[in-house]
Every structure is written in structure tokens, then in C-alpha cells.
Amino acid sequence: MPCERKPMRYGHSEGHTEVCFDDSGKFIVTCGSDGDVRIWESLDDDDPKSINVGEKAYSLALKNGKLVTAGSNNTVQIHTFPDGDPDGILTRFTTNATHVTFNSSGSRVAAGSSDFMVKVVEVSDSSQQKTLRGHDAPVLSVTFDPKDDFLASASCDGSVVVWKIEEQTQAASWPVLQKTNDISNAKSLCRLAWQPRAAQLLAVPVETKVNLYERGSWDHVSTLSDDMLTQPINVLAWSPCGQFLAAGSVGGFLTVWQVENKLCVERQKHEKGYTVCGLAWHPSGSQIAYTDTEGCLGLLDGLSTSSNSSTKTAKAPASKAAKEYDDLFDDDDDRLMDEGVSDTNSPAKNPVAGDDDDDDDDLMPATGRVRNRGAFLDDDNSLDTGSLKFGLDKYGEDDDAGSTVAPPAAPAVPLRPVYEGPVPTPPQKAFQPGSTPAHLTHRFMMWNSVGIVRGYNDEQDNAIDVEFHDTAVHHAMHLTNSLGHTMADLSQEAVLLACPGTDELASKLQCLHFSSWDTNKEWMVDLPRGEDVKALCVGQSWAAAATSAMMLRLFSIGGVQRELFSLPGPVVCMATHGEQLLIVYHRATGFDGEQALGVQLLQLGRRKRQVIHSEPLPLSRKSHLSWLGFTAEGTPCYVDSEGVVRLLNRCLGNTWTPVCNTRENCKGKSDHYWVVGVHENPQQLRCIPCKGSRYPPTLPRPAVAILPFKLPLCQTVTEKGQMEEQFWRSVLFQNHYSFLSSSGYEIDEEGQSRAQKEQQELLMKMFALSCKLEREFRCVELAELMTQNAVTLAIRYASRSRHMALAQRLSEIALEKANQVQEEEPEEEQEEEPHYSSARRASGYGQSEATGSRYNNRRHQEEEEERGEELEEEEGQEMETEEAAENRKRLNPFAKGGGSPEKLSLKPISKEGRVNPFKVLGSGKSPAASGQPRVTNVLDSMTGSRRLAPLSGSTGKPSKTPILKPLAPKPKTKTQSTLLQMTGSKAANKKAPENVEPAVDRLKRPETPPPASPGDNAENKRPKTGFQLWLEENRKSIMADNPDLEETDVIKEAMGRFRTLSAEQRLSWTERAKGQTGDAADLKKRKRAGGGGGAENENGQAEADESSAKKKKSLDASSKLSAFAFNKN
């Protein structure tokens, strides 16, 4: 039974969703947790009819033109279909009904409820009811026997019961389900299904299988199962012919069995793995509609339940060809629906827009006057934006130029000179972001991240409803609007309302401080006569109101008047987040359709300051401001009428970066997205799709869609352009970490390290792409943006792909980055801050990001002191002394924690099998496996498991252990400190003396001792660890006991003894080491000035002897390249 899974499309808001077909199969009908029933002509229906049946709809059933729904008001209602007119209440329960179903003839409805009862009601006379009592927990599902004698029900008490309807008694009961106390905790909805037509079998989903029970005997006769099903089956549905059974599972699997031979004939997986909670067969048997717990609707098409195979084969090619032809044109339109971001999310035909299908062009007749104000209701700008947007932008300037500036003169002889210069733009009116126009009778006064404030002003009622997204903040409120408030704002602490003044009454500001601990939770203040509130907002323990007198007044949340100051121009709107206040105002008159707006950003914490000083606000051409706010993380952003979303880039001098264009996601010219919130982590733009309008109606409740961000970089269709866009977007959306940490907020360390890791991965991919294109200069530019670890990886990649000149330049960048780190280290040691920040600063992201990472690590320092420092210093010493063959394992800078490089410890080179990435290999001596191409892509193995340096730690618990310095060199080894070792990689090749290679392949150290390597300097600046102090004091006793031990064995022996000490003793050594931090630096400086310790001199002598024993060779290109690394200690 080959079938095709159509792309899912948005149907309802997130939550339990059900689906059924009407009797003819012409309509798909769904209900969801938004309280709507939607009637779809097909899966591609962009404008389904919508019927609101309450706050939530838990279940629906449809038969003979009657639509029955179980709603959240504890009733089972009936509506006509397809008109959707209410037709009365069928029955009531003491709590909400959970499932409803019709019998085969449509004369009866059965409903199960959370009050443990099942009712059977006659549709024609709802007073004829039978109540079936016997369950001890909420009822999960009900189903009629097709012959109308029995009814089966499943309950949270773990039982499935078959009832005799007329006698209201139990015919059979099976305790096959898991017991729970409520439907929300049940593993499965356990939707039972009775075989149609034959009526012989009752199907019961039990865990991952389906039990089939025989009617009459009630014996368990068969079990249907499938190995692919690993999670409980949620819903069942029989095909109309009664031969096939479909099941939808919690894990998103859709399975169809041929019941007679128990054969699984179809398997499909939900495209996102969401739980399938609704399932219905088309009356023809050719389609299955299904819904998930996210409110989406899907379709399996092309099922053939006919026993006649010839008809099946005959129809298949034709339908397939037609399908492919349709897909050719429909594919692009459907793609957006998958994510629930297209305008098909519009909950219903918009009652405001008169002509939905008309484009904006039809709204403006030739006279230049708007034909139908209802058809084009702009934001609060109402009249002004009409002339602004329609007159000046799209419909020519002739009419407006005449009417706006001067009365029309006689065409023949003008009485005075005609002005033909730029036309002033009417300034847009002040508005509240997240509100719909004030002239509407039902409107949103505010929709923000805290909740929704709705205003109603009709013949019956003038009221305000306040609803919170999180009811834990406060319960919903209903307020009478006797003062005629037109503005509102909502925070976690208070509701702020304001009304304009009249001839008799002054403009008032009213605050409902619901989070107050005293009993007086309300205060009100009158503004001076002639001064009206134009914009308001509630911040963290303060409120602000901008007035018509171009003044901003601050109040405490309890009603104390605070500072006030004058604004540079008439206010347009304001927004707040925590202690930040963002104000947009008119800085001048705009011309030719442009608005000239200015912006101020103030910080109103303990240290009050102005962050943005009255700077121009960039807008798209001939557009106005339509939304202003902050991201959930506290970054200012705004949207203009052209749909362009801009975000403040604090790391680029407080400039505004466009991050999304909502118009690109709209289908029609007159469709828009109404923004309600912005998130940086995860990157989400939350908005409401509005078909044929700029804003949504209050009813039915609009569904929020999520749009992705995309920077408008050039050539984003190419691989290079895509990676550049992802990288710079990641950098931009990571700026908030440094701002939050500097403001003293907790930050998501995991998210930050994930973003840094993603950035480094993208840089490495761009680096590899540039290498392949032989763009070496571009490679160096990319390396400037990398962290020290990533540069190391880039050097290795460049050398393996035979770009030796590039590798040489990269090595200089790596040294430069290492030096930068060391220069900035002393400041950081003074501040007792982790060293990660300097590495980040060296990587080219600027200082502000470094602050965020320092804050990350500081939190864990105290709790890690005892355990982390000791354990990791022991592990670090082990790693330094071990000479086991860790040949192929290297540090992965992109492994967990790789995105936040700290100062890494030096590593020894193991004795055999190491490959020097800078050595030009002979023709037959590739270090890779034979048969592998020479130029291998190091990115392929980048994410493999590699050994982490002991100090890299995990992202969750940044380590603060100091670097472990080898106390004395190992005799008779040629270990050298390379740059790659400094960054945790082991990259030198240990050559056995008898291994003779061509001169060009042999690496040779410099004859003259070069200046001390950066690694040396870094180590000398580090404090000693507790273990090193202990070893210095006890070295003599160890040497006395074992005079023949070499240095490595001495350290091993010392580590063994140190471990036998008690935890208190080891802790005391650690504390002593910390105590010496202050004078350790001076001590080491004196040591270095004196030419180093004896052990180092001995080491130099031993290495000199060894090198003189070798044959001297001239420095070739490879050894020049590696000279930066192979320095003497």
C-alpha cells in the first residue's frame, strides 16, 4: 500500500488537536486547544472557515450535518454543519468532557468525562439520556458498537469496559491499561475503535500493540504489532471497509495493518516526531488525516484499501502524474506551511478587511481618497499614514502635491510661482507597540511577553480584560473602563493605564500594582491641565509616561513621582526592559514620505546614564515605525511598516542591523505579520499572520507564528554566502551575553558556548572552502577571526593541503594571538578572573564579549576549589609524564568546551607514530592509510572523539586549574615545546635514529637558541600548584629512597605518594600554593633573569649534545615553517 505523506500545515495553537472528515469526504474538520473548529476544503485551504466553541475544544464528532464538540465549559455542544450555527447544548458534566462520538446512524452521541461518567444522549431529544457509572477515574475514550447494542469505554483506572447500553450494565471488562489519576498524566489517549460493517472486532491499544476482542464472547482473539513501534499507541481508526486498521503513536509513527493476515502494509513517521493525537479515514478509504499535539494537520494520500488490485494499478499512474504536476507549482507554497509560518495561520477570514482578495492597489480610487477605511486600517497612525503611505509612495505624487501644498492654480496663467520641491511628510501619531488602532470597538491594548490587555467599547460594555501568559504571575482580571483608558502596558508587577484629557477632566495615569504586598494596590495621578499622556511603559519597579508637552515623567511603581526631563521632539512610542528605557520621537519633519525619527536609550539603574544620545533611527524608504521593543534578552529592536526588523548591535558602536524582513514570508501584497516578541536564544521572531490587514482581530484568538532571522547579506544562495550569514548572525545574537553579564544577570552558559562553537565551526568551513579555491589571503582574513585553537587546526589543514606559505602566515597569527593573551594576562590575574576572556579577545570579537565569558567561569570557582584543583593537577601531571601511545588522538577545539579556549597545558610528544603536519612527505610515505588521497579534509574528522586537554574542562563547569609546568626536563628525549602543544595538540613527529629520510623531509631545530617561547613566558607567570610545592619539599627524600630513578619516574613516584595523603593534607598544600600566588611572579622573574634553573641548563646541554651528534642539514622550507614551534625551552 504505497502512499504519500503530504507536508504538515499549521491548524491550531499548540495542544491536543482532533480531526474527522464529513460524511461526503469533502471537508476535513479539526478542533484544537484554541477553542476553534476549523473546516478545511483541502489540506491546501488557505482560508478555512472557523467556528469558536469555547476556550478549548477537547473532542469533536460529525454526522448527518450535526457537529458535536466537547468544550472546556463542561458541556457537549451541538452546531449545524457546515454553517456552524449553535444548535443547543446536548449534555453537561461536572468537569470537562474528554471524548465524544456518534453511533453509526447518527441518532445518538456518547460522551466520556473527567468526572468518571459516560453519557449516551439522543440527538433529537437531549432529555433522553443514559448515564453509565462504574469507572473510578477520568474516561479516556468511548466508541459505539456499529449495531448499537454495546458501548466500549477506556478509563484512567486502567480498565476497558464494554457496556450494554439499554440495561446500563457492564458486559465485559479488561484491566489492560496503566493506571493514572488524570488524562494529562496518561501515557496514551487509548482511543478505542470498533470494526465497521461486520462489527465483529473491538480494537484496544495496549502499550505498543493492538489487542483485538471478539464481539459476544469478548475473547482476546488477536494482537497486531510492529517492531518499529517503540512508544505507546495513542489513537486507532478503522478503514470504512473494515479490513484495515490505522494507528498513531506517541512517537509520531503512523502504522496501517491488514487485519485479516496481521500484515503491516504501511509505515510513516511524523516529519518532526510529534505525538499523533487525532486520526480519521476518508470515507473513500484513500486518505488518512492526522493531527499532532502541536496543532498541525497532515495527510497520507494514495492509500488503496480496495481488494481489486487492477483498479488500484490503473488509477495509480494517472494520480501520480497529476500529483507531480500539482507539486511542480504547489511545492514552494507548501514549504512555509511546514513551519507554521505562512499566512495560512490566519485563524479566520478577517472581519475587518472588506475585500480579502484585493491587493492594496484597489483600495485607492483615482480621487486619491481612501475608498473604504475599514479595508485599510493602519496602525494607530490612522489618517496620517493614509496620505503618507498611499498618497506619497505607490500612487504618484501628483494628486498629493497639489492638494497638500497649495490650492490648484489655473493651468493657463498661474497667479504665483508653483512650488515643486520636496513635500513634507505628515508625522506619524504616537502609538503603543503591541496595540491595535484605538478606533476599533474590540482591540488589543497591549500584547507583550507578559500577557494580553484587551479593550471592549461597544453598546453593552466598556471594559478591559487582562490575561497573563503565565497564570502563576497573576490571575486574569476584568476591569470596568469608566475613565475611557486608551493606552495600556503590562509587566510582571503592574498594569499601567492612561486616558487622554477632555474639556472637563485632566489626562489620568492609573496603575494597578498587583504584586504589592499591602492591601492598597491601586494609585492614580492627574496630569497638569492641557498635558496628555501620549505613550507609557512599565519598567523594573518604575513607570514612565511621555506627554504632549514633550516631557517624560518617571514614577516609582508605588506611585512616588521621580525624575522628569524634556524630550527633543514629540514622542512616537516607548519600550522598556528591566532597567532600560527606549524612547523614539520626531527629531524633525520628514520629506517625500520619509519619517525623521530619533531614538534615546537610557539605563535607569542605580547609575543612571544615557546609552544612545538622541541619534537618528534608520527606517526603510518611505516607511514608518510599526513596533518597538526589546528582545527577551534585553536588546532593543524595532520593526518598520515595510516589515524590516532591526536589532541593536552593541559591539559595533550601537548601530542598527536588519535581521529579518517579514514581507518575504507573506504571500499576498496586503498580508502582513504583526510582531509580538523577539527572542535571541533561540533565534525566533514571534508574530501573528494577518491576511489582508496590518493587525489581527481579537476574536477568534490569533495564533502566534515563528519566523526565522536572516541577515540581508549578498549572494546567500551560495555556500560561502550562507556560511557568512550564519556566522555574522551568530556573532550578533551572542552580543547579549556580555551585556547581561556586565549588568549582573545570570546567563545561559551552555547557550553561549554552543554559539561560540558554532562560530568556530563556520569559520573552519569557510577556511576550508577558501583553501580549495586557492584564496590564501582570504584564509588569513578568516584566521584573524578565529580563536587560538581554531588557528592551530587551520595551520594543520593548510599544511596537509600543501599550502605551506599560508601555514607560515597562519603561524605568525597564532604567535601574535598567544602574545596578546600573555600581555592581557597580568590584568586578569589582578582581577582574579578566568583567562578565557583574553583568548576570546585575541580572536577578534572585541572586549565586550570577553566580559560575558569571564562571568561564566567566576560562578563555579568557589565550589571547584577543593575538588577540581587537586584532581585536575594530578591528572595534568599524569598526562605530562605518560608516554603511552596516544598517537592519533588530538584536542578537538569544537568538542564540548572547545568553543571557550582557556590557557592550555603543555603536552609531551609520544615516542612513536606521531606525524608532523609541517613535514613535506615523500611520495610513498603518507601518514594516512594507504589508498587514501593525499589531501584529506581535516574537517571530516573534526567532530571525532579526541582527547581533551586536562584544562579545557566541560562547558558546564569551566575549570580554573593553573597550568602544570614540567618541573625538570626528561633526559634523553627530544621533546620540544611547539605552538601546537601550547594549544593542546600533539603535532610533532618522533623519528627513530635509524629512520633515514631525504634531506627535504628532515626537520631540524635551530642551531642558535631562539628567544624563550611564548609557552615558557606563560608558564613562568603562573602560580605553582599544591602538588609542585609538595614535590619540591619532598624530592630529596624520594631521590634518597630511589637513587636510580629518572626524572619521569621521580614524578610518577611523587604522584603516588601525594595521592596517599589525606584530603585535608592535600587541601592544605593547595591553600599554600594559593597563598604564594602573590610573590610567585617576582620569584620567577628573578629566576628567569638569572638565566634559568640548573635543571633547564642541564636540559639545554643534553639537547645540544644530542643535536650535535646528528648530521647538520640546511634549513629547508618545511623546517623554516616549523621553526616558530621547535624552540628550546
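Residue selection: Gly112 fails the criterion of being over 22 Å from Trp257 (Cα atoms), at pLDDT below 90 and not hydrophobic (A, V, I, L, M, F, W, C). If the condition is being β-branched (Val, Ile, Thr) and within 13 Å of Cys637 (Cα to Cα), then segment 575-605 contributes Thr576, Ile583, Val584, Val599.
Once segment 649-677 is narrowed to residues that are β-branched (Val, Ile, Thr) and closer than 16 Å to His736 by Cα, the residue that is surrounded by the fewest Cβ atoms within 10 Å (Cβ to Cβ) is Thr655. Name the residue that is nearest to the chain's Cα centre (by Cα), counting only residues in segment 271-284 that are open to solvent by less than 40 Å² (accessible area, probe 1.4 Å) and at pLDDT 85 or above. Looking at residues that are open to solvent by less than 40 Å² (accessible area, probe 1.4 Å) and at pLDDT 85 or above, I get Thr275. Annotation: Thr519 fulfils all but one of (1) more than 22 Å from Asp465 (Cα to Cα); (2) open to solvent by 60 Å² or more (accessible area, probe 1.4 Å); the unmet one is (1). Residue-level analysis places Arg646 outside the set of residues that are closer than 22 Å to Gly15 by Cα, open to solvent by 20 Å² or more (accessible area, probe 1.4 Å) and either in a helix (DSSP H, G or I) or not hydrophobic (A, V, I, L, M, F, W, C) (or both).
The condition (being touching a residue at least 60 places away in the same chain (Cβ under 8 Å) and in contact with a Leu (Cβ under 6 Å, 6 or more places away or on another chain)) is satisfied by just one residue among Cys20, Cys31: Cys20. Would you say Pro636 is crowded, with 21+ Cβ neighbours inside 10 Å and either more than 29 Å from Asp592 (Cβ to Cβ) or out of contact with any helix residue (DSSP H, G or I) (no Cβ under 8 Å at 6 or more places or on another chain) (or both)? So Pro636 fits the description; yes.
Of all residues in segment 206-226, those being among the acidic types (Asp, Glu) and under 16 Å from Gly248 (Cα atoms) number 2. Across segment 426-441, the qualifying residues are those that are at pLDDT 90 or above and in contact with a strand residue (DSSP E or B) (Cβ under 6 Å, 6 or more places away or on another chain), and the one among them that is farthest from Gly677 (Cα to Cα) is Pro427.
Of the residues examined, Ile706 is not one that is within 30 Å of Asp47 (Cα to Cα), at pLDDT 90 or above, buried (at least 19 other Cβ atoms within 10 Å of the Cβ) and touching a strand residue (DSSP E or B) at 6+ places or on another chain (Cβ under 9 Å). As for segment 250-264, it holds no residue that is touching a Pro at 6+ places or on another chain (Cβ under 8 Å) and in a strand (DSSP E or B).
Applying the condition of being free of Cβ contacts under 8 Å to residues at least 40 places away in the same chain and open to solvent by 20 Å² or more (accessible area, probe 1.4 Å) to segment 580-601 and asking which residue is farthest from the chain's Cα centre (by Cα) yields Ala588.
Okay, residues lined up against (1) within 41 Å of the chain's Cα centre (by Cα); (2) surrounded by 16 or more Cβ atoms within 10 Å (Cβ to Cβ); (3) under 14 Å from Ala110 (Cα atoms):
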residue	(1), (2), (3)
Ser124	no, no, yes
Gln128	no, no, yes
Thr131	no, no, yes
Asp136	no, no, no
Leu140	yes, yes, yes
Phe144	no, yes, yes
Ser155	yes, yes, no
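For segment 431-450, the set of residues classified as in a strand (DSSP E or B) and closer than 26 Å to Thr547 by Cβ consists of Arg443, Phe444, Met445, Met446, Trp447, listed by residue number.
Just checking, does segment 132-142 include any residue being in contact with a Ser or Thr (Cβ under 9 Å, 6 or more places away or on another chain), over 25 Å from Glu260 (Cβ atoms), at pLDDT below 90 and of a type in the set (Asp, Glu)? Yes, that holds for at least one residue. What residue, of Pro618, Pro712, Pro696, is within 24 Å of Ser449 (Cα to Cα) and out of contact with any helix residue (DSSP H, G or I) (no Cβ under 6 Å at 6 or more places or on another chain)? It is Pro696.
Where strands (runs of 3 or more DSSP E) sit wholly within segment 15-82, those with at least 1 residues that are surrounded by fewer than 22 Cβ atoms within 10 Å (Cβ to Cβ) occupy 18-21, 36-40, 49-52, 57-63, 66-71, 75-80. With respect to being open to solvent by 40 Å² or more (accessible area, probe 1.4 Å), closer than 23 Å to Phe727 by Cα and not hydrophobic (A, V, I, L, M, F, W, C), Lys817 falls outside the description.
Pairing residues of segment 487-503 that are in contact (Cβ under 8 Å) with a residue 40 or more places away in the chain with residues that are of a type in the set (Ser, Thr, Tyr) and part of a loop (DSSP other than H, G, I, E, B), at Cβ distances under 6 Å and at least 6 apart in sequence or on separate chains, gives Glu493/Ser515. Applying a threshold of 7 Å to beta carbon distances and a minimum spacing of six or more residues, or different chains, the list of pairs starting in segment 552-571 at a residue that is within 15 Å of Ala498 (Cβ to Cβ) and ending at one that is assigned to a strand (DSSP E or B) and open to solvent by 70 Å² or more (accessible area, probe 1.4 Å) reads Leu552/Leu564; Arg553/Leu564; Leu554/Arg562; Leu554/Glu563; Leu554/Leu564; Phe555/Gln561; Phe555/Arg562; Val571/Lys534.
In segment 157-165 there is no residue that is of a type outside the set (D, E, K, R), under 25 Å from Gly54 (Cβ atoms) and assigned to a strand (DSSP E or B). Within the option set Glu493, Glu467, being modelled with pLDDT of 90 or more and not in a strand (DSSP E or B) holds for one residue only, Glu493. Determine, yes or no, whether Gly88 is touching a residue at least 40 places away in the same chain (Cβ under 8 Å), surrounded by fewer than 23 Cβ atoms within 10 Å (Cβ to Cβ) and either touching a helix residue (DSSP H, G or I) at 6+ places or on another chain (Cβ under 6 Å) or not hydrophobic (A, V, I, L, M, F, W, C) (or both). In short, no. Filter segment 659-709 for residues that are over 30 Å from Arg754 (Cα atoms), out of contact with any Cys (no Cβ under 7 Å at 6 or more places or on another chain) and part of a strand (DSSP E or B) and give the result. Pro689, Cys690, listed by residue number. Out of Leu202, Leu189, one residue alone is closer than 24 Å to Asp226 by Cα and in a strand (DSSP E or B). It is Leu202.
I'd like to know if segment 612-621 contains one or more residues that are charged (D, E, K, R), part of a loop (DSSP other than H, G, I, E, B) and free of Cβ contacts under 8 Å to residues at least 40 places away in the same chain. Yes. Ser184 passes every criterion in (1) at pLDDT below 85; (2) in a loop (DSSP other than H, G, I, E, B); (3) open to solvent by 40 Å² or more (accessible area, probe 1.4 Å) apart from (2). Screening segment 715-787 for helices (runs of 4 or more DSSP H) wholly inside it with 2 or more residues that are among the charged types (D, E, K, R) and open to solvent by less than 60 Å² (accessible area, probe 1.4 Å) returns the ranges 719-732, 749-772.
The values are calculated or read from the model by the stated rules, or taken from the named source; none is laboratory data. Just so it is clear, the structure is predicted and the values come from calculations on it, not from any experiment. Glycine also receives a Cβ, built like all others from the backbone with ideal geometry; neighbour counts cover every protein chain displayed. Calculation scope for accessible area: heavy atoms of the full protein, side chains included, ligands and nucleic acids excluded. Shrake-Rupley method; radii C 1.70, N 1.55, O 1.52, S 1.80 Å.
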